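First comes the structure, then the notes that go with it.
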Amino acid sequence: MISCTEFIPAYSELFKFIEGKSGKEGIQRFWNHLADHYFEDLRDYVDQDGIRGCWEYWSHTLNEEAADFTMTLDEEKGEFAIDMHHCPSKGRLLELGYMQPYPDYCKHCAVLYRLNLEPRGLANEVDLSKCDEAKCLFTVSRKG
């Protein structure tokens, strides 16, 4: 059986292909489609437990992916953060010597999660300034 990590280079190449055929608008439409048709677990966690649902969702998914991260949750302030010390997806792409990763690869997370969190009253920001080191900072807060 092929592990999910084997698909990471394929995702990167797919993003390049879509952008090559349909431009930035095409990749945005693709990411919008993914956001609309997947991530039911995230939506369910947040619908049930609010910002704590983010903690519950990512505790499960990031540990499954063997990511190196620190999460913080302050329910009183309505803040949740993931400090990604090493993203296994981007890290894998950076280790490959035979291909260049899609330049905006990390932006898909920002789009997919924003589209699922905002309708639930949560805002999110992603600092991708260190994505070329497989690091990012993902923050979620209650709107208003």
**OP:** Provide the packing ranking of 29-40, 87-98, i.e. peptides ordered by the mean count of other C-beta atoms within 10 Å per residue, highest first.
**Re:** 87-98, 29-40
**OP:** Would you mind calculating the relative contact order of the chain from Cα pairs under 8 angstrom and at least 6 residues apart, reporting the percent as a whole number?
**Re:** 25 percent
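Output the pairs from Lys21/Lys130; Lys24/Lys143; Lys77/Lys107; Lys21/Lys107 with a Cα-Cα distance over 24 Å in this structure; if there are none, say none.
From Lys21/Lys130; Lys24/Lys143; Lys77/Lys107; Lys21/Lys107, over 24 Å: Lys21/Lys130; Lys24/Lys143; Lys77/Lys107.
Between beta-carbons, use under 12 Å as the cut-off and find the net charge around Thr139, counting Lys and Arg +1, Asp and Glu -1.
Local net charge: -2.
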**OP:** Figure the gain on full extension for Thr139 and Ala10 (residue separation times 0.36 nm, minus the Cα-Cα span) and round it to one decimal in nm.
**Re:** 43.7 nm
Original post:
Which net charge results when you count Lys and Arg as +1 and Asp and Glu as -1 among the other residues whose beta-carbon is under 10 Å from that of Asp104?
Top reply: +2
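Bear in mind that the values in this text are calculations on the coordinates, not laboratory data. For clarity, every value in this text was computed on a predicted model and none was experimentally measured. Neighbour counts run over all protein chains shown; Cβ positions are idealised from the backbone, glycine included.
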